[in-house]
Amino acid sequence: MAVIETRHLQRIYQDGNQTIKAVNGIDLEIEEGEFTAIVGPSGSGKTTLLNLIGGLDKPTSGEVRIAETPIHDLSDNDMINFRLQHIGFVFQAYNLIPVLTAAENVEFIMLLQKRDKAERKQRSQQLLEAVGLGDRLTKRPGELSGGQQQRVAVARALASRPSFVLADEPTANLDSQSTANLLDIMARLNKEEHMTFVFATHDQRVIDRARRVITVEDGKIKSDETRDR
Amino acid sequence: MTTLLKIAWRNIWRNQLRSLVVIFSIMLGIWAGIFINGFSYGLNRQRTKEAIQTSLSHIQVHDTAWNREPNIQNQLPQPEKLLAFLETRPEVRALSARILVNGIVATANGNGGVQISGINPENEAHLTGLDARLAQGDYLGEKKNKILIGRALGEKLKARVGSKVVITFTDKNGLIISGAFKVAGIYTASSTQAEELRVYIRKADFQQLIGHPVHEHEIALLLHKPVEVLAFRDKLQARFPYYEVQSWQQLAPELSYADEIMESILYIIIGIIMLALSFGIVNTMLMAVLERRKELGMLMAVGMSKRKVFSMILLETLILSLCGGPLGILLGFITITYTGSKGIDLSVVAGGLQSFGVGSVIYPYIDTVFYFSTGILVIVMALLSALYPAQRALKLNPVEAIRTI
């Protein structure tokens, strides 16, 4: 089943007299359990594509369906709630809440979902153990390394039990060892929990681990390569 | 809500110095507002109190023609009945029946227009504490032809204790009557004007000087409970319709208006202070929002509703204000309570204060209800100050705030 589906997706910006077609008619299907990297040079439109898939931006025309729900028509408030229930985000700069501990950061998403306290506690602990941070539950982001913070971000993204996780340049600020650890964790979650991951990245180490690589250029898909592993 | 509160609380302490500066400035602003108001209110209250204590009393009774023509013939008809009634009333704390006449007091060094009060010294002392306000000399006693003059008048006429003065006035037939008196004592009053304008002699001396019995022109009384003044005045007026019975508010409306005006001014002052503080709070919270663009964008991206983001900023502002506000109120309360009982000695500007009608020690005072209304104003100010920064937070576009997902 396609978790993400776009049809004739277009996003046009007006910059003065200039019309920029950041995404120009993309048709795309991403199935459940995929480990996909969207790659392309700067300005190619991959970030805009991710924003549209993540419901952070609205298309000029065309459709975006997430788990068969058309999200391009949702109001701002409905979209916020939809993101909360269906989409996990991992950001390049981690973007954890600095005043909360690692466990509280993970719990926070579930709190927004109004999950009960016991479930929140249990799942946050479970997820942080899964990303190798079982002994860092009470540490605040400032007390963790970059790699550890990004692993908390992954645990947070998974906390809401999303349909898929969108990760934008998740390894851009990490060293080789942290990158390898993070990718191992994501690959394991993908394999064991069948979690769908979609990356936007320049990082060859991520591209090498992806099972599908979609190359975007000038707002269009230039190539779509699936690899057997 | 608890988690939102926890996040808001911790967010405040992310920049400790900035938050402490805001809390301190709120505290200081509220304290200054309360203190200034307490001082002004205390000053005004003291002026009223001293005017009542030393000259107005709570209620005065005159002949109905007195206010139009305050002259010797407008005496109280049958004052014995009224005095007998008043002496039986439990509400009355003290009273004094006075003979009043306008005249001139002269010494070898000069003269001045005065109101001559013929009094029963014991009653007057009980009513106005005149005996306790003597700066020099003795109070009126058994000795004949003694006079009490105010300090300012003494200085003007270069009269001392023991000096001879001559008082002159006209009787109801227009005859000029003069009498020589010795200064027994020099009294002080709350205002220079009062010290210059009134002299006191014994009622018996007055009667002897004029040569025939004269009824009193004025009966002044103090009640045990100041709140009963208006009701008692009405009761008295109804019982004795042929007199003019006036409360101190009617006798000196400027004092009672000053109370009302002061109350409005107090709120205006505190309002201005709050307005100034609110600009500081708006500025601080706006900085906090703009500094956290990325974080707030992320929160909206991952699914935190706009209502919750708004509430979080609102809570942060409220907490900041509610840390500083109650501290300021508490500090204000302590300051007012302390200075209200010990007084603030302003002897250096005693002259100015005396011309305003108050002594040199000011006792700040504020109604308890003012503390509560200030507390409510702090909350209202905090909520209003939070609106703009919170609204700015809502306008953040998650995509722009975090640049990319």
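The values are calculated or read from the model by the stated rules, or taken from the named source; none is laboratory data. Given the structure is predicted, the values throughout are model-derived calculations rather than measurements. In this analysis, Cβ positions are derived from the backbone assuming ideal geometry, glycine residues included, and neighbour counts consider all displayed protein chains.
For residue A:156, are the conditions met, namely being at pLDDT 90 or above and either outside any loop (DSSP other than H, G, I, E, B) or closer than 21 Å to residue A:111 by Cα (or both)?
Judged against the criteria, residue A:156 is a match.
Would you say residue B:105 is within 23 Å of residue B:50 (Cα to Cα) and touching a residue at least 60 places away in the same chain (Cβ under 8 Å)?
For residue B:105, the condition - within 23 Å of residue B:50 (Cα to Cα) and touching a residue at least 60 places away in the same chain (Cβ under 8 Å) - is not met.
Working only within the stretch A:194-214, note down all residues that are part of a loop (DSSP other than H, G, I, E, B), buried (at least 22 other Cβ atoms within 10 Å of the Cβ) and away from chain B (no Cβ under 14 Å).
If the condition is that a residue be part of a loop (DSSP other than H, G, I, E, B), buried (at least 22 other Cβ atoms within 10 Å of the Cβ) and away from chain B (no Cβ under 14 Å), then A:195, A:210 are the ones that fit.
Any residue at all in the stretch B:220-238 that is within 27 Å of the chain's Cα centre (by Cα), within 19 Å of residue B:77 (Cβ to Cβ) and part of a strand (DSSP E or B)?
Looking through the stretch B:220-238, at least one residue is within 27 Å of the chain's Cα centre (by Cα), within 19 Å of residue B:77 (Cβ to Cβ) and part of a strand (DSSP E or B).
Can you pull out every residue in the stretch A:117-130 that is within 11 Å of chain B (Cβ to nearest Cβ) and either surrounded by 16 or more Cβ atoms within 10 Å (Cβ to Cβ) or in contact with a strand residue (DSSP E or B) (Cβ under 8 Å, 6 or more places away or on another chain) (or both)?
A:120
Quick check on this structure: which one of B:264, B:321 is modelled with pLDDT under 90, of a type outside the set (D, E, K, R) and surrounded by fewer than 18 Cβ atoms within 10 Å (Cβ to Cβ)?
B:264
Give me the residue from the stretch B:9-38 that is buried (at least 20 other Cβ atoms within 10 Å of the Cβ) and within 16 Å of the chain's Cα centre (by Cα) and, out of that set, nearest to the other protein chains (Cβ to nearest Cβ).
My answer is B:34.
Any residue at all in the stretch B:83-90 that is β-branched (Val, Ile, Thr), free of Cβ contacts under 8 Å to residues at least 40 places away in the same chain and farther than 30 Å from residue B:175 by Cβ?
Scanning the stretch B:83-90, I find at least one residue that is β-branched (Val, Ile, Thr), free of Cβ contacts under 8 Å to residues at least 40 places away in the same chain and farther than 30 Å from residue B:175 by Cβ, so the answer is yes.
Go through A:133, A:174 for me and flag whichever is within 22 Å of residue A:193 (Cβ to Cβ), in a loop (DSSP other than H, G, I, E, B) and away from chain B (no Cβ under 11 Å).
A:133 is the lone residue from the list that is within 22 Å of residue A:193 (Cβ to Cβ), in a loop (DSSP other than H, G, I, E, B) and away from chain B (no Cβ under 11 Å).
Mind checking which residues of the stretch A:55-98 are among the small types (Gly, Ala, Ser) and touching a residue at least 12 places away in the same chain (Cβ under 8 Å)?
Answer for the stretch A:55-98, where residues must be among the small types (Gly, Ala, Ser) and touching a residue at least 12 places away in the same chain (Cβ under 8 Å): A:55, A:61, A:62, A:67, A:88, A:93.
Which number in (1) buried (at least 20 other Cβ atoms within 10 Å of the Cβ); (2) within 13 Å of another protein chain (Cβ to nearest Cβ); (3) under 26 Å from residue A:33 (Cα atoms) marks the one condition that residue A:148 misses?
(2)
Could you grab me the full set of residues in the stretch A:96-116 that are in a helix (DSSP H, G or I) and more than 10 Å from chain B (Cβ to nearest Cβ)?
Correct list: A:102, A:103, A:105, A:106, A:110.
Check the stretch A:28-44 and report whether any residue there is in contact with a Pro (Cβ under 8 Å, 6 or more places away or on another chain), touching a residue at least 60 places away in the same chain (Cβ under 8 Å), over 26 Å from residue A:187 (Cα atoms) and surrounded by 14 or more Cβ atoms within 10 Å (Cβ to Cβ).
Looking for residues that are in contact with a Pro (Cβ under 8 Å, 6 or more places away or on another chain), touching a residue at least 60 places away in the same chain (Cβ under 8 Å), over 26 Å from residue A:187 (Cα atoms) and surrounded by 14 or more Cβ atoms within 10 Å (Cβ to Cβ), one finds none in the stretch A:28-44, hence no.
Out of the stretch B:305-318, which residues are surrounded by fewer than 24 Cβ atoms within 10 Å (Cβ to Cβ) and either among the polar types (S, T, N, Q) or in contact with a helix residue (DSSP H, G or I) (Cβ under 7 Å, 6 or more places away or on another chain) (or both)?
B:305, B:306, B:308, B:309, B:310, B:311, B:312, B:314, B:315, B:318, listed by residue number.
Here are some residues: B:319, B:272, B:334. Which one is within 14 Å of chain A (Cβ to nearest Cβ), aliphatic (A, V, I, L, M) and out of contact with any Cys (no Cβ under 6 Å at 6 or more places or on another chain)?
B:319
Across the stretch B:141-194, what is the total count of residues that are in a strand (DSSP E or B) and free of Cβ contacts under 8 Å to residues at least 24 places away in the same chain?
2
Going by the structure shown, is residue A:55 within 12 Å of another protein chain (Cβ to nearest Cβ), within 30 Å of residue A:21 (Cα to Cα), touching a Ser or Thr at 6+ places or on another chain (Cβ under 7 Å) and not in a helix (DSSP H, G or I)?
no
If you scan the stretch A:63-77, which residues turn out to be more than 8 Å from chain B (Cβ to nearest Cβ), over 19 Å from the mean Cα position of the chain (by Cα) and of a type in the set (S, T, N, Q)?
Answer for the stretch A:63-77, where residues must be more than 8 Å from chain B (Cβ to nearest Cβ), over 19 Å from the mean Cα position of the chain (by Cα) and of a type in the set (S, T, N, Q): just A:75.
Within the stretch B:57-81, how many residues turn out to be within 17 Å of residue B:254 (Cβ to Cβ) and either loosely packed, with under 13 Cβ neighbours inside 10 Å or at pLDDT below 90 (or both)?
1
Name the single residue that is nearest to residue B:293 (Cα to Cα) among those in the stretch A:78-95 being facing another protein chain (nearest Cβ under 7 Å) and part of a helix (DSSP H, G or I).
A:80
Of the residues in the stretch B:195-219, how many are assigned to a loop (DSSP other than H, G, I, E, B) and surrounded by fewer than 19 Cβ atoms within 10 Å (Cβ to Cβ)?
Residues flagged as assigned to a loop (DSSP other than H, G, I, E, B) and surrounded by fewer than 19 Cβ atoms within 10 Å (Cβ to Cβ) within the stretch B:195-219 amount to 4.
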